[in-house]
Amino acid sequence: MEKLIIRGGRQLKGSIKVGGSKNAALPILIAAILLDGPVRFRNVPRLRDINTTNKLLAILGCPADFTAHEADMTGNAAEADKIGNAGHSDEVLACVGKLTPEAPYDLVKTMRASVLVLGPLLARLGLAKVALPGGCAIGARPVDLHLKALERMGAQFELDSGYIIGRCKKLHGADIDFDFPTVGGTENLLMAASLADGVTTLRNAACEPEVSDLANFLNACGARISGIGTDTLRIEGVSALKGTGYSIMPDRIEAGTFMVAAAITGGDLLLENCPTEALSKVISKLEEMGVGFEQQGRNLRVSAGQRCRSCDVSTRPYPGFPTDMQAQLMALMSVSEGSSTVEENIFENRFMHVPELTRMGADIHLSGSKAVVRGVKGLTGAPVMASDLRASASLVLAGLVAKGETHVQRIYHLDRGYEQIEHKLGGVGADIERARDES
Ligand code: UD1
């Protein structure tokens, strides 16, 4: 296993390029199952979850992989090696072949988003066999809303030996009102409805920017989706979708994490290709805490002079404050002036960073879904670990400001969602390295 060693206390200064969005890329790559013909995705982040998705797609009969550099693609691998780019493109090429309906447990257990193949497989094959994702570190995370909605389109489900088996003749349009604006559920249904007979309306749909990115991609392939960006999506089914080229949106959670990195170190960062609009709630909270922002074309400058002030945050579906930024903001609150509160409304049990931040000297009290964070003057480095992605990011942020060495263990969680975080943070002045973890 590997860990990150961070020696805190350095102000971060310089530019960081925001990568492609993991949460947009996962469903968009999976949507390749729906297409007739090849598709080329650009701005795909090189992450563990993307490799898992590529493997899953290959198993289902839709081989997908990062393309090598141009020179490599023309057969000149030596040339590609020479310029150091072999295998490092941000492009994924996928091409549907003969599809098979089974997503095996070995892959699904490592990535919950695998359940997004359900809608596309039902639409294409009328049969889907997907391992049940099971519990997860940030709560039970059921998929009942996905199944209920697909049933309204004509699918039938049974549970057999840990697998959800779905069957249908041909999916038909339906009027679906989600009990909760589920992100994955909305994405599954968008994909299923795009190839269904007739019109589907999704009400109380998730409005997250990643959902809109998927809808825009599907439309670029010939789907007929309207209401994009609102909570009511109308999908007129079409008989076929064609492949195209598509660039994935930048990752708002990665960008938000770097904003907190600037704030917590009193630094000054230029975030290149920043999805500013998608981060408006995060930005307004950080402004309330004393962080400065300046839009410069497609880039956003984030600067923090003095110690931040406290604030109160409540996580909500988009456009509310994202649950995926809660842990990172709490790291900042723990060294800010005054007392802050956090209310987590999306996932139960999403406070796994709290005991670890406490070990670094933070003063945090939990009561159910609420946390009170009393800002302390400083944190001290410690060996820490977390069992989810964003909790791990919050420990890295805490490490950037802590006195001494912080060892963030089990960084395979971080590698699921942050591309080369040590290179990006190291490039703007952080003292951070990846090392083998013998413990
Ligand atoms: C997606 C994101 C995740 C983010 C979350 C909320 C991806 C790959 N993951 O997760 O990073 O934190 O949105 O913004 O894009 N629920 C049910 N039944 C269902 C579906 C969901 O009860 O069938 C509940 C969940 O347990 C959770 C809430 O609804 O409490 C939100 O889940 P959902 O919006 O579906 O999140 P994901 O798509 O899993």
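The values are calculated or read from the model by the stated rules, or taken from the named source; none is laboratory data. Small disclaimer: the values here were computed from a predicted structure and weren't measured. When we count neighbours, we look across all protein chains shown, and the Cβ atoms used for this are built from the backbone with ideal geometry, even at glycine. When the accessible area is computed, the model is the full protein with side chains, heavy atoms only, and any ligands, DNA or RNA have been set aside. Shrake-Rupley method; radii C 1.70, N 1.55, O 1.52, S 1.80 Å.
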### Summary
Answer in debye to the nearest 20: the dipole magnitude of the range 1-54 about its Cα centre, from +1 Lys/Arg and -1 Asp/Glu charges placed on Cβ, is 480
### Task
For the range 229-275, compute Rh as the Kirkwood radius over C-alpha pairs and then the Stokes-Einstein diffusion coefficient at 10 °C and 1.306 mPa s; write the answer in µm²/s, rounded to an integer.
110
### Query
For L121, what charge total do you get from the other residues with a beta carbon under 12 Å from its beta carbon, if Lys and Arg give +1 and Asp and Glu give -1?
+2
### Dipole-positive endmost among I59, S15, G229 within the chain (Cβ charges, Cα centre)
S15
### Task
Run through the DSSP bridge list for the range 22-247 and note the antiparallel percent, rounded to the nearest 5.
70
### Task
Rounded to whole Hz and in sequence order, give me ³J(HN,Hα) for the range 402-408 from the Karplus expression 6.51 cos²θ - 1.76 cosθ + 1.60, θ = phi - 60°, writing x for Gly and Pro.
6, 7, x, 9, 10, 10, 8
### Summary
Counting all Cα-Cα pairs in the chain, those more than 37 Å apart amount in percent to 25
### Task
Quick one: what are the phi-derived ³J(HN,Hα) couplings along the range 281-295, Karplus 6.51/-1.76/1.60 with θ = phi - 60°, whole Hz, x for glycine and proline?
5, 5, 5, 5, 5, 5, 4, 4, 7, x, 8, x, 9, 9, 6
### Task
With runs of 4+ DSSP H residues as the only contributors, calculate the mean residue ellipticity of the chain at 222 nm using -39,500 (n - 2.57) per run, divided by the residue total and rounded to the nearest 500.
-9000 deg cm²/dmol
### Summary
If amide H atoms are modeled at 1.01 Å from N in the peptide plane, then the residues at a separation of 5 or more from L132, or on another chain, having amide H under 5 Å from its own are Y163, I164
### Query
Excluding L214 itself, what net charge comes from residues whose Cβ is under 10 Å from its Cβ, given Lys and Arg +1 and Asp and Glu -1?
-4
### Task
Calculate the length of the line joining the C-alpha centroid of the range 302-371 to that of the range 1-43, in whole Å.
24
### Summary
Taking 379-386, 24-31, 391-398 and ranking on average Cβ neighbours within 10 Å, highest first, one gets 391-398, 24-31, 379-386
### Query
Excluding same-chain residues fewer than 8 positions from K55, which lysines have a Cα within less than 26 Å of its Cα?
K3, K22, K98, K109, K129, K242
### Summary
Around L12 (Cβ within 14 Å, Cβ-to-Cβ, excluding L12; K/R +1, D/E -1) the net charge comes to +2
### Summary
Per the charge dipole of the chain (beta-carbon charges, Lys/Arg positive, Asp/Glu negative, Cα centre), the residue among F347, I248, A371 reaching farthest to the positive end is A371
## Note on the structure
Residue-ordered couplings for the range 28-38, obtained by feeding phi - 60° into the Karplus form 6.51 cos²θ - 1.76 cosθ + 1.60 and rounding to whole Hz (Gly and Pro as x), are 5, 4, 5, 5, 4, 4, 7, 8, 9, x, x
### Task
Can you send over the solvent-accessible area of H413, 1.4 Å probe, protein chains only, in Å² to the nearest 10?
30
